[in-house]
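S.K.: Pasting a structure below so you can have a look.
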Amino acid sequence: MNPRHLLFLATLTLPAVLQAGGFGSLLEQGSRMLGGSHALTPHTVTTGLSQSKIGAGLKQALSIGAERAVKYLGRPGGFLNNPKVHIPLPGALGTVAKGLRAAGQGAMVDRFETTMNR
């Protein structure tokens, strides 16, 4: 996976993980994945750091991640040309699009989907 995609995904999922209280579990999994010999826990990570410093660090990380995601996806073709982030026609519109394509209106559907992904 491209590091930019990973950063974008982390930016989107980090608030939900933190809100669900899964930060400790996330650190432990990361430590195991990296082959760490010492398990990371919220206690070992936060020792010596105040809650305000941790909050400021998370805020900065999310800000940088969001900035990079906008820079990467905000350019021409950012969504349209990348199948990993391309936005398909949702639900009922997808069904309508199939019918329009069958009726020979595929170009109109393509233009709409292109516009949606710009």
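The values are calculated or read from the model by the stated rules, or taken from the named source; none is laboratory data. As the structure is a computational prediction, the values presented were derived from the model and not from experiment. Cβ coordinates were reconstructed from backbone atoms using ideal geometry, including for glycine residues, and neighbour counts include every protein chain displayed. SASA here: full protein model, heavy atoms, side chains in, ligands and nucleic acids out. Shrake-Rupley method; radii C 1.70, N 1.55, O 1.52, S 1.80 Å.
S.K.: List the residue pairs whose Cβ atoms are under 8 Å apart, where the first residue sits in the range 93-114 and is over 16 Å from L80 (Cβ atoms) and assigned to a loop (DSSP other than H, G, I, E, B), the second is of a type outside the set (A, V, I, L, M, F, W, C) and open to solvent by 30 Å² or more (accessible area, probe 1.4 Å), and the two are 6 or more positions apart or on different chains.
M.R.: Note: no pairs meet the criteria.
S.K.: Same structure, new question: Can we say L80 is open to solvent by 50 Å² or more (accessible area, probe 1.4 Å) and touching a Ser or Thr at 6+ places or on another chain (Cβ under 7 Å)?
M.R.: yes
S.K.: Right, another one. Just the residues that are surrounded by fewer than 15 Cβ atoms within 10 Å (Cβ to Cβ) and either at positive phi or of a type in the set (K, R) (or both), please, taken from the range 55-77.
M.R.: Result: K59, K71, R75, G77.
S.K.: Please find, within the range 33-54, the residue that is modelled with the lowest pLDDT out of those that are small (G, A, S) and exposed (fewer than 11 other Cβ atoms within 10 Å of the Cβ).
M.R.: Among residues in the range 33-54 that are small (G, A, S) and exposed (fewer than 11 other Cβ atoms within 10 Å of the Cβ), the one modelled with the lowest pLDDT is S37.
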